[in-house]
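Report on one structure; see the data block that follows.
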Amino acid sequence: MRCAALTGILLACAGLAHAEATEVWRLGGFNGPESVGRDPATGRLYVSNYGADPMARDGDGFISIITADGSIERLDWVTGLDGPKGIDFAGGKLVIVDLDQLVEIDTVSGEITARHRVEGAQLLNDVAAGPDGRIYVSDTLGAAVHVLENGVVSLLVQDPLLSGANGLLVEGDTLLVAELGDLSGGFENITPGPVMRVDLVTKAITAYGAEGPVGVLDGVESDGEGGLLLTDFMAGTVLQLQPGGTASLVATVGQGAADLEVDPTNGLILVPVSPANEVVALRRN
């Protein structure tokens, strides 16, 4: 199925209404931007760039620092990575997915302080830190989530219900998993996915929204209103989803909308658009 056709189907199936956010700025100059992360301690904004090929061990991946008013503070803050993707923060460190490992970076010096390989990983994608210091990482092709605890990585859960596991968000004793969808037929024939809940105590997996797919999902963040903000990579949209509900449209930013971040201090939703090499800032109306 062609991308344009799939996009139309997704929008129709979601029953999306008019947009609920306005574009504030659009910043270019990146190289495969995949994730925006906000350091809760400093408010500083970081962008992962996977470079020419998101899966290649080519050393052209890097981390940028941007400002809330839409400028690049430092394009090449950390270099020499391969395919960096999801970003989060734990223990004063920036933690980032880089192909088959989790990399810890000191946010003051920019030095890489640790690397944790995830054995058997097929496509690591996003990372989320819990309040207890545990760090979770999604394996999109492995339908799995791994956890880093006390310097050791182990498998948390693996289940067909997590097919296409991508964006992660920890809320209390629950891990929310936004699914890219079923990739068994290839990316052109992807089956859109839902958002699933993983109980971190019992490992039980249940649906977050209404039954059925939500989209080709990438990033997930809290909307501050008891629900979620999501990006649909193929449709190029930002969506809002309440527990047990169906998705509504927040904004359209362009195909390739990846791992978003919310900046509550400046009232912004920050969305990397990978193919366009841009980061887009939105503000809710």
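Read-outs throughout are calculated quantities, based only on the coordinates presented, and are distinct from any laboratory measurement. Since the structure is predicted, the reported quantities are computational estimates derived from the model, not experimental observations. Cβ atoms come from the backbone with ideal geometry, glycine included; neighbour counts cover every protein chain shown.
What is the sum of charges, Lys and Arg at +1 and Asp and Glu at -1, for the other residues whose Cβ falls under 10 Å from the Cβ of residue 153? So the surrounding residues net to -1. Once each of the GluC sites (Glu not before Pro) sitting in a DSSP loop with at most 16 other beta-carbon atoms within 10 Å is removed, the chain keeps 120-210 as its longest stretch. Tell me whether the chain comes out rounded, prolate or oblate; compute the Cα gyration tensor, take square roots of the eigenvalues as a ≥ b ≥ c, and use a/c under 1.5 as the rounded threshold. Rounded.
Helices in the chain, meaning DSSP H runs of at least 4 residues, each add -39500 (n - 2.57). Divided by all residues, the mean residue ellipticity at 222 nm is -1500 deg cm²/dmol.
Quick check on the exposure proxy: order 99, 94 from fewest to most C-beta atoms within 10 angstrom.
Details: 99 21, 94 25.
The most exposed by this proxy come first: 99, 94.
The trypsin sites (Lys or Arg not before Pro) found in segment 25-100 that occupy coil by DSSP, while having at most 16 further C-beta atoms within 10 Å, are 57.
Lys and Arg at +1, Asp and Glu at -1: add these up for the other residues within a Cβ distance under 15 Å of residue 44 and post the number. So the environment of residue 44 carries a net charge of -4. Among residues other than residue 163 with Cβ under 12 Å from its Cβ, the summed charge is -4 (Lys and Arg +1, Asp and Glu -1).
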